[in-house]
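> Structure below; questions to follow.
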Amino acid sequence: MQPLATQILFPSCCVRIHGDCLSEESHEYHVRVDWTHGRVGNLVIEGKQTIEVASPPEFDGPEGIITPEDMFVAAATSCFMTTFVTFSKKMRFDYKSFTCDGYGTLEKVEKGFQFTKLVLKTKVSVESEDIKSKAERALELAGKYCLVSNSMKCPTEHENEVIVE
């Protein structure tokens, strides 16, 4: 039997992991932004809800609208969650809750602004002590195989906590 990491099929990402490499499969994702006014536009993804997007207030954008910076951190956080869910199903354990807070640090560097660090603080609750080690392992594997954070230039730090309730 192959080790766990070599037999995982990621349904949300549609790629198979072979050791530490992704398979030869290739997928493309298309989005469009239609400018509406000022620093605001509509993010359009066919078949999905349109999202109003704008520059953040610190870069002269309006308050209360989702920004590319928000989506950058959200992409890593949500991919980490879906990867954890995939590993928990493959490892055959249930959990009571999963919460992940993502914090991205945007800093001025030589070439302008860029994200220099991403911290994902995750809390998972399980029913028993014997499931705790499985949840910890699933979090570890999710951090290792999260394709979005692995694709980002900045490092991602994980602060994981598994509690028994």
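> When only residues in segment 112-135 that are in a helix (DSSP H, G or I) and under 17 Å from Thr82 (Cα atoms) count, which is nearest to the chain's Cα centre (by Cα)? Let's see the steps before the verdict.
We begin by selecting, within segment 112-135, every residue in a helix (DSSP H, G or I); these are 129-135.
Those still in the list that are under 17 Å from Thr82 (Cα atoms) too: 134-135.
Values: Lys134: 20, Ala135: 17 Å.
This residue is Ala135.
> Next question, about the same structure. So which of Ala135, Ala142 is touching a residue at least 40 places away in the same chain (Cβ under 8 Å) and over 30 Å from Pro68 (Cβ atoms)? Break it down stepwise before answering.
Values: Ala142 fails: over 30 Å from Pro68 (Cβ atoms).
After ruling out the rest, the residue left standing is Ala135.
> Out of the residues in segment 92-123 that are of a type in the set (Ser, Thr, Tyr) and surrounded by 13 or more Cβ atoms within 10 Å (Cβ to Cβ), which is farthest from Lys134 (Cα to Cα)? First the steps, then the outcome.
Start the filter on segment 92-123 by keeping residues that are of a type in the set (Ser, Thr, Tyr), which leaves 95, 97, 99, 103, 105, 116, 122.
With surrounded by 13 or more Cβ atoms within 10 Å (Cβ to Cβ) added as a condition, the list becomes 95, 103, 116, 122.
Details: Tyr95: 10, Tyr103: 25, Thr116: 31, Thr122: 15 Å.
Restricting to residues being of a type in the set (Ser, Thr, Tyr) and surrounded by 13 or more Cβ atoms within 10 Å (Cβ to Cβ), the top hit is Thr116.
> Still on this structure, I have one more. Which pairs do you get when a residue that is in contact (Cβ under 8 Å) with a residue 60 or more places away in the chain and more than 14 Å from Cys154 (Cβ to Cβ), found in segment 66-87, comes within reach of a residue that is of a type in the set (D, E, K, R) and part of a helix (DSSP H, G or I), reach meaning Cβ atoms under 8 angstrom, with the pair 6+ apart or on two chains?
That search, which allows pairs on different chains as well, returns Phe87/Arg137.
> For segment 62-91, which residues satisfy the criterion of being surrounded by 17 or more Cβ atoms within 10 Å (Cβ to Cβ) and more than 20 Å from Val119 (Cα to Cα)?
Within segment 62-91, Ile65, Thr86, Phe87, Ser88 qualify.
> Give the residue, chosen from Cys79, Cys100, that is in a strand (DSSP E or B), under 18 Å from Leu147 (Cα atoms) and either of a type outside the set (S, T, N, Q) or at pLDDT 95 or above (or both).
Details: Cys79 fails: in a strand (DSSP E or B).
The conditions single out Cys100.
The values are calculated or read from the model by the stated rules, or taken from the named source; none is laboratory data. Only a predicted model underlies this, so the values are computations on that prediction, with no experimental measurement involved. Cβ sites come from the backbone with ideal geometry, for glycine too, and all protein chains shown count toward neighbours.
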